[in-house]
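Read through the structure below, which is laid out as structure tokens, and then see the notes.
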Amino acid sequence: MKIMQKTVTLFLGIAALFIADGSFYNTPPREALEAIRAGDIRQHINFLASDSLKGRNTPSPEFDRAAEYIADEFKRYGLKPVNGSYFNPFNVSQVQLGKENALIVTTAGREVSYSIKSDFMPFDMTASKDVTASLVFAGYGITAPEYGYDDYAGLEVKGKIVLVMRHEPGERDPASPFNGERETDHSQVSTKVQNAIDRGAAGLLVITDPANHRSLAPRGFPWPSLYEGIPDDALPLTLSLAEKEKIPVAQVGETVMQQIFGSVDTLRQWQQQIDLTRKPRSMALLQVQIRLQTTTNPILQATRNVVGLIEGADPKLKTEIVVVGAHYDHVGYIKQHQEGEDYIYNGADDNASGTSAVLAIAKAFGAARQKPKRSVLLMAFAGEEKGLFGSRAYVEQPLFPLENTVAMLNLDMVGRNAPDSVSVGGNTRSPDLAKINEEENRAVGLQLDYSIEQFHNRSDQYNFARKQIPFLFYFTGLHADYHRLGDHADKINENKIAKIATLAFRVAWRAANTEQRFRLVEPQ
Amino acid sequence: MQLQKLLKVVFGAIMISLFTGCAGGTYKLAYRMETNQRLKYKTSMNVQNSMEMQGREMTSGSDAVSVLRLEVEEVGKDGNVTFVYALDSLNVTATTPQGDQIFENPEGMIGKRTRQIMTAAGKKLKSVVVDSVQLPGLLAQSGGRRPAFSFIELAEKEVKAGDSWTASTADTNAQTGGQIIVAANTTYTIAGEVDTLGYKCLRIIYSGKITLTGNGVNMGMNFSIEGEGPNNGTAYFTPKEGMLVAVVGTSDLETTIALTGQMSMTIPQSTASKVAIVLVK
């Protein structure tokens, strides 16, 4: 009896130590791990990649059925709705060019009205607005603290129209600090637009950088209504943002460039100077007045992400969020097809596999008797195939403050290729999460590969990274059926998905049970 | 799609101008070839391509060096020339968002012949595939086509230094489930005489516009293409031997590609190319 008492005391003492040092929380509960089952994953994939869902195109009635299925599963696993719903709705739209578009440039009393298409061309992200303001030249329009470069340093652009060049300093220079000859995100027009908006610009004009590019045509966005041979229904679906968050944006061509700078050579010399010195050459062009008007007619359509919450157990840390997500859409089906032939892009690997993994992880969290300290938000994103819309919509209007979102794990295409390996993206950008992933993988035994940096901007983790949220991205590689009719459920390895889901769950569990804030750094 | 255009530019833009002899500073231009005559040209081509999909710009580039062999089979009494052409060598270094690739003398392309018949003025009458080609890796995946080139049409009347003439061409290229029409309208001007590579050459400046239109259905998706851009350069031609000695040129195409079907997409694309052609034999 005495011996027994001693044993119990010893056991309790060890258990207390175990809990006190946090080890208890670092070990995923057995009942949770056991809830991740290959059989469930097979069932999810068979449904999500079935012909009845017709390729889960965003938006479509079949896509809505997939959303209902995921929401029902979240509910069944005990996840909570957020703000009373398992859905996180947002709008997408096909944006037509409106009729009222104008560019008038006034320099030294000379007013010139330019023609759309031949002289200027609005971008598809432009606003329906009419603005008149003086012009500010902001070089490449880049703010890149990681490279010690800021075209906006000391520049006041609030209420002004900003003129920027495409691309980035040293675009053709292997020694450029901007990732050599490989362009960075700073070279994207969308990044420059957001930067101008963030600084309060009233409008943005974009020009081709003349030192590196011969053609100075105003490319902008090729609106079908301006081309004889381009059908109107080729207009892509875009994420619909509130007009107040947008500004008029257009690319201008050589004629406009000549009026503003006197000659293209002047601008070319300025650009060469920036490239050579790596120092901005921004300035207000007070003598240049611009009137820029662009109009669009968006045709709105509603769609939705699916969300489910595991509320954190720690009164303080429960306000912090770990996101685990996967996109659940694919690209639909071929409308013009012969009878009897396959016409549905089932998207079993892309991305019924990742969605099924998220459902498995949701079930595991739901099954855990002790909930994690931080909250965990399970998400299924819409519109990834259209341009990462669901994740972009979320980070623009998040359900929980992004400053409290400590990590994001994304699973996209995790069911094919070698049975025991997974590629992990974000290892250099999110070193703390990568370390946890390596440690947790000791118990799972997958072969980890890190050579997928080129996919960084091709799935939903990208939008979280843009908002400075550390992330990991699980991916098992491309294959011959990628975005083809042959991406069928019978080619998926559900046991492999179960392993990857187990690893992602263990990482999410660790991330949700620490007070540590994880780092996000620029890759070397 | 972009590599298809690359090939089109690499081979389609090879413009070979041949002129006959002259008298008193004027030139009567016509192709003057002999049966069994062989010509070889070395071509260097740099292409920079940029396209924007879903709001993201993707750039690619390539450097291609090839040797083109041309053998005259027959010269008719009417002056029509029948010849076959094929690549003796082709080396391509391509940089794409999917990674870099190098093609060295791809077996499925080297020596694959095309037979062409043209008038003495260079107007293409017929083109027939002799050997089928198999495009390697990335070229095949991106819808690349077999190499093809055309001679330019020459002036019908006698010309002298300072004179210009215009030639218009329209080639219809069959695509899977559709076609693309490449039309060019080019003005040539004799700018003077110059010694080039040991030949007394005419220096001929050309400038013009290329337009591109097309549509079709591929893998269940409808596609439409529309584009245009300038095409400029200089050709060096020896009137005495009646041979092209060199060409240096550039072209800049701004194209819109539209896809409809299970996915709608409007893709702007800019393609800048530089070409240099030199007679090697």
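Cα gyration tensor of region A:222-272, axes a ≥ b ≥ c as square roots of the eigenvalues: rounded (a/c below 1.5), prolate (a/b > b/c) or oblate?
oblate
Can you pull the one-decimal nm distance between simple spin-label points at B:VAL129 and A:SER263, each 7 Å off the Cα toward Cβ?
About 5.1 nm, to one decimal.
Give the Cα extents of region A:40-126 along the principal axes, in whole Å, largest first.
Ordered largest first, region A:40-126 gives principal extents of 71, 32, 20 Å.
Taking B:LYS77 as the anchor, which lysines have their alpha carbon closer than 30 Å to its alpha carbon, excluding any fewer than eight residues away along the same chain?
Partners within reach: B:LYS28, B:LYS40, B:LYS112, B:LYS123, B:LYS124, B:LYS126, B:LYS157, B:LYS160, B:LYS200, B:LYS240, B:LYS281.
For region A:121-163, which trypsin sites (Lys or Arg not before Pro) are in a loop by DSSP, counting at most 15 other Cβ atoms within 10 Å?
Hits after loop and neighbour filter: A:LYS158.
With a ≥ b ≥ c the root eigenvalues of the C-alpha gyration tensor of region A:377-451, is it rounded (a/c under 1.5), prolate (a/b larger than b/c) or oblate?
The shape class here is oblate.
Let me check against my output: what whole-number percent is the relative contact order of chain A, with C-alpha pairs under 8 Å and at least 6 apart?
That works out to 21 percent.
Please rank B:ILE181, A:ILE361, A:ILE310, fewest neighbouring Cβ atoms within 10 Å first, as an exposure proxy.
B:ILE181, A:ILE310, A:ILE361
Helix-only estimate, please: 222 nm mean residue ellipticity of the protein assembly as shown, summing -39500 (n - 2.57) across DSSP H runs of length 4 or more and dividing by its residues, to the nearest 500.
-6000 deg cm²/dmol
So which trypsin sites (Lys or Arg not before Pro) in region A:219-257 are both in a DSSP loop and have at most 10 other Cβ atoms within 10 Å of their Cβ?
none
Residues of B:250-256, mean number of Cβ from any other protein chain within 10 Å of their own Cβ, rounded to a whole number?
So the per-residue partner count for this stretch is 4.
Could you tell me what a quarter of the Cα convex hull surface of chain A works out to, in nm² with one decimal place?
Taking the Cα atoms of chain A, their convex hull projects to 28.2 nm² on average.
Leaving out same-chain residues fewer than 8 places away, which aspartates and glutamates sit with a Cα under 19 Å from that of A:LYS158?
Cα-Cα hits under 19 Å: A:ASP130, A:ASP150, A:ASP198, A:GLU243, A:GLU245.
Quote the FRET efficiency, to the nearest 0.05, computed for A:GLN370 versus A:LYS435 with a Förster distance R0 of 30 Å and r equal to the Cβ-Cβ distance.
Given R0 = 30 Å and the Cβ-Cβ separation, E is 0.80.
Filter the trypsin sites (Lys or Arg not before Pro) in region B:155-213 to those in DSSP coil with at most 16 other Cβ atoms within 10 Å of their Cβ, and list the result.
B:LYS157
Test of understanding: given chain A, find the longest segment containing no chymotrypsin sites (Phe, Trp or Tyr not before Pro) that are in a DSSP loop and have at most 16 other Cβ atoms within 10 Å.
Counting at most 16 other Cβ atoms within 10 Å as exposed, the longest clean stretch of chain A is A:1-449.
Show which aspartates and glutamates lie in cross-link reach of A:LYS499 when reach means a straight Cα distance below 17 angstrom and same-chain residues fewer than eight apart are skipped.
Hits, sequence-local ones excluded: A:GLU31, A:GLU34, A:ASP40, A:ASP349, A:ASP412, A:ASP420, A:GLU438, A:GLU439, A:GLU440, A:ASP449.
If you place +1 on the Cβ of every Lys and Arg, -1 on the Cβ of every Asp and Glu, and leave all else neutral, what size is the dipole of chain A about its Cα centre, to the nearest 20 Debye?
1540
Would you please classify the overall shape of region A:414-502 from the alpha carbon gyration tensor, given that a ≥ b ≥ c denote the square roots of the eigenvalues, rounded means a/c under 1.5, and beyond that prolate means a/b larger than b/c while oblate covers the rest?
Oblate.
Since every read-out is calculated from the coordinates, none of them should be taken as a lab result. Quick caveat: nothing in here was measured; it's all calculated off a predicted structure. We place every Cβ from the backbone using ideal geometry, glycine too, and count neighbours over all the protein chains shown.
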